[in-house]
Amino acid sequence: MNSDLLDQLNPEQKKAAMHYEGPLLIIAGAGSGKTRVITHRIGYLIEHYRVSPHNILAVTFTNKAASEMKERVEKLVGPLAEFISVSTFHSFCARLLRIEGEHIGLKKGFTIYDADDQQKLAKRVLEELNLDQKRFPEKMMLSLVSGAKNTLVLPEEYPSENFSESKTKEFYSLYQKKLAESNAVDFDDLILKVVLLLRKNPDILTKYQNRYKFIMVDEYQDTNHAQYILVSLLAKAHSNICVVGDDDQSIYSWRNADIRNILEFEEDFPNAQVIKLEQNYRSSSNILDAANTIIANNINRKKKKLWTANQEGEKVRVYKAATERDEAQFIVGEIKELQQAGFPLKDIAILYRMNSQSRVLEEAFLANSLPHIIYGGMRFYERAEIKDTLAYLRLIANPYDSVCLNRVINVPKRGIGPVTIERIETAHSGWGGSYLDTLLKAKAIPGLGVKLKPITEFAELWHFLTARATEGKITELVELIWRKTGYLEQLEKENTDESLARVANLKEFLSVTKSYEERAGMEATLTGFLEEISLIADIDSYSDVTDALTLMTIHSAKGLEFPVVFITGLEEGIFPTSRSVFEESLLEEERRLCYVAITRAEKLCYLTYAETRFLWGQTSFNSVSRFVEELPDNTEDWSPLARRQGNNLKPNVSAPNDKNLNNYTELACGDKVTHDKFGQGIVVEIKGNGSNQEVVVVFNSAGIKRLLLEYAHLKKLS
């Protein structure tokens, strides 16, 4: 990396990138180029200060953010990037536990349970404890356990001052016991167990403190107590810790994120240098003014105000709908106009507070043939056929996994039911060892009768697949599983729309395995593949390659940006939610969420609300959100009446890729042109000039269209 690359940074960014030793807090406002600063600081440490790449650790929260960081670092430092540890918190901890986990009782090949696996295990725990699942629902119990783990409270330390707490403590203890028996961990365990490992083993702590002498933490406002302790332990020896975040974007308290971590960083590290990145490179000044004005109503925040050198741009547009269906139809109409103005669908995002709001929007888009992708629905890896395949792979990697065994011992059907499985569980508890060991000795299990044959065949198949796992590639192993179990053949024989869709998903899974093998090369392993899959988050699947609208919750949109953003459902009780209205800390988080939503927009931002909304089976009459009322004066009423009274329907903003637009002055009447959507046509009229120049085109299939040339993306045909 040569010095002229730092010339691309503004003064504050450059100051942060050149920081060498000691704690550093970078308050990075939305769109202020924080990833650029982190990556340039890594490059500067290596190039200027001769820090070994091996001694640098950068952690963030999503695989998408980690991948982007890795790519940018590689462009700056070249092959040296391979030796820098850039990953998510969870993947870093999973990797460390693969190496050191045996010091705290974790065997090699441990499984990482996802939410579905956790719920299956939780249900078994509740049944064993004879707890009423209506009073103690599994999701609630898992949430309480998650909260305990994220604050580093172990089962024996859990309070038991009342009946509910004592039952939760029993649940937590048995849940952890069964995880250990299955040689499994859940997501929260990854952080918790690494903290326990480092606290109990000073020599291992010293080893990693000396390994990671320079630590950078992205999105620090989203860290919970366990992550805070983990980072503090690693950084304690050298104090070269750089945290980057924005307290105004702290929106994950429900995941136990603690905003105090960033607000009190200077108390934890009294000699910390603080640098504020306040120049926004993403949004127009009108959009930024709206976001700044709203967030200024929060009390618990570090004082700052984002500014931009970008153009003033369009005013934020506010639309009052009669109902949620009117709201959806308004959005459809605006999208169609934006398409005509030259905006591709992939540049438009529709954001909402809750997933339940997406249904009406999806119906409207389907009715109007508008391609769209909903993020937050059923994930690819949650589909039954994919879960079944992964369960087989996980049993091969970890023969202690009871949840996976229960899932596939009778898939495809082998006539092995709950009573037989219970007998297997009883024998396993008495004998110890792995489940594979137990099944291979099935003859000694009393009461199996005719079930002995299918159990023995399953055990032999499992043993065969385990032996073959070391011989070939993961793709070959997956195909072998399907072939030997008859799984794929059975689906193909069903020959229904549903079964063929499942077959297509299985074939897509082979793309996943092949992609992993290509990336990992000689280092590809089954445990490595399973770990990567288990740590994939929903938003990691976001891509702007497909030209389709993006629908997602505001929480999911954090870290993304779009030229056009619609923020829907801005009503009291919806956004902010009803439970936040009476608690200041929750209300401030809702306001931060609104700030995050608005700052996703680059050129156009719409805020919509409805006078009545049918949601959760009932019609509600909510007043307009306080966040709409907190908007500055430079917003625009986008109702039909206001627009008829003079508002310009066409956006006065440049559509994407405006550098590639044709030279308008070269067009003349009679010219043949082509349009991405309308196809070929002939220019019959041109009027106006500059950015207001209009052209009338008769298209072969679409008929007569009047277009603004600045947004039309017309190509002249010879």
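The values are calculated or read from the model by the stated rules, or taken from the named source; none is laboratory data. Computed from a predicted structure; not experimentally measured. Don't worry about glycine lacking a Cβ; one is built from the backbone with ideal geometry, like all the others, and counts go over all protein chains shown. The accessibility values were calculated without ligands, DNA or RNA, using every heavy atom of the protein model including side chains. Shrake-Rupley method; radii C 1.70, N 1.55, O 1.52, S 1.80 Å.
Amide H contacts under 5 Å for Leu277: Ile27, Ala28, Gly29, restricted to partners 5 or more places along the chain or on a different chain, H placed in the peptide plane at 1.01 Å from N. Multiplying the residue separation of Leu129 and Trp431 by 0.36 nm and subtracting their alpha-carbon distance yields 106.4 nm.
When a/c is below 1.5 the answer is rounded, else prolate if a/b is larger than b/c, else oblate, so apply that to the stretch 574-625 with a ≥ b ≥ c taken from the square roots of the Cα gyration tensor eigenvalues.
Here the stretch 574-625 falls in the oblate category.
Report, to the nearest whole %, how much of the accessible area of the stretch 497-634 belongs to carbon and sulfur atoms, 1.4 Å probe, protein only. Accessible surface attributable to carbon and sulfur in the stretch 497-634 totals 50 percent. Can you give the accessible area per residue of the chain, in Å², using a 1.4 Å probe? Heavy-atom SASA per residue in the chain reads 45 Å².
Considering Cα pairs under 8 angstrom that are at least six residues apart, work out the relative contact order of the chain and quote it in whole percent. Don't skip to the answer; put the middle values down first.
Numbers: 1127 pairs, mean separation 117.1, N = 718.
Taking the mean separation of contacting Cα pairs over the length of the chain, I get 16 percent.
State which entries of Lys441/Lys493; Lys134/Lys167; Lys70/Lys108; Lys75/Lys514; Lys558/Lys677; Lys302/Lys558 exceed 23 angstrom in Cα-Cα distance in the structure shown.
Details: Lys441/Lys493 34 Å; Lys134/Lys167 14 Å; Lys70/Lys108 27 Å; Lys75/Lys514 25 Å; Lys558/Lys677 31 Å; Lys302/Lys558 20 Å.
Too far apart for the 23 Å limit: Lys441/Lys493; Lys70/Lys108; Lys75/Lys514; Lys558/Lys677.
If you sort Glu479, Glu385 by accessible surface, 1.4 Å probe, largest first, the order is Glu479, Glu385. Look at the dipole of the chain built from charges on Cβ: of Leu570, Thr619, Leu192, the Cα furthest out on the positive end belongs to Leu192. Once the Cβ-Cβ distance of Gln329 and Phe614 is raised to the sixth power relative to R0 = 22 Å, the FRET efficiency obtained is 0.90.
Taking the DSSP beta bridges in the chain as the whole, what percent of them are antiparallel, to the nearest 5?
Details: 23 of 72 bridges.
Once the DSSP bridges in the chain are tallied, antiparallel ones form about 30 percent.
Per residue, the average separation of C-alpha pairs within less than 8 Å and at least 6 apart gives the stretch 257-414 a relative contact order of 14 percent. At the residue level, Thr546 shows approximately 80 square angstrom of accessible surface with a 1.4 angstrom probe and all protein chains present.
Summing Lys and Arg as +1 and Asp and Glu as -1 over all other residues whose Cβ lies under 9 Å from the Cβ of Ala296 gives a net charge of +1. In a simple Cβ point-charge model (Lys, Arg +1; Asp, Glu -1; nothing else charged), the chain has a dipole of about 980 debye relative to its Cα centre. Just read off the accessible area of Arg260 with the full protein assembly in place, 1.4 Å probe, to the nearest 10 Å². It works out to around 130 Å². For Lys139, the solvent-accessible surface computed with a 1.4 Å probe is close to 140 Å², ligands and nucleic acids excluded. With point charges of +1 on the Cβ of Lys and Arg and -1 on the Cβ of Asp and Glu, referenced to the Cα centre of the stretch 348-414, which listed residue (Tyr375, Leu393, Ile348) lies farthest in the positive direction of the dipole? With unit charges placed on the Cβ atoms, the residue in question is Leu393.
In this Cβ point-charge picture (+1 for Lys and Arg, -1 for Asp and Glu), the stretch 107-148 has a dipole of about 100 debye about its Cα centre.
The Cα atoms of the stretch 155-273 give a gyration tensor whose axes a ≥ b ≥ c have a/c of 1.5 or more with a/b no greater than b/c, which makes the shape oblate.
Averaging the sequence gap over all C-alpha pairs within less than 8 Å and six or more residues apart, then dividing by the number of residues, gives the stretch 436-522 a relative contact order of 21 percent.
Ordered by solvent-accessible area of protein heavy atoms (1.4 Å probe), largest first, the residues Phe380, Phe575 come out as Phe380, Phe575.
How many angstrom lie between the Cα centre of the stretch 179-234 and the Cα centre of the stretch 556-601? Value for the Cα centre distance between the two parts: 31 Å. Take the alpha carbon atoms of the stretch 149-171, find their center, do the same for the stretch 384-416, and report the distance between the two centers in whole angstrom. Spelled out, the Cα-based centre of one part sits 31 Å from the other.
Placing R0 at 30 angstrom, the Cβ-Cβ distance between Thr577 and Ser511 gives a FRET efficiency of 0.15 after rounding to 0.05. Taking Lys and Arg as +1 and Asp and Glu as -1, the other residues whose beta-carbon sits under 14 Å from that of Glu71 total +3.
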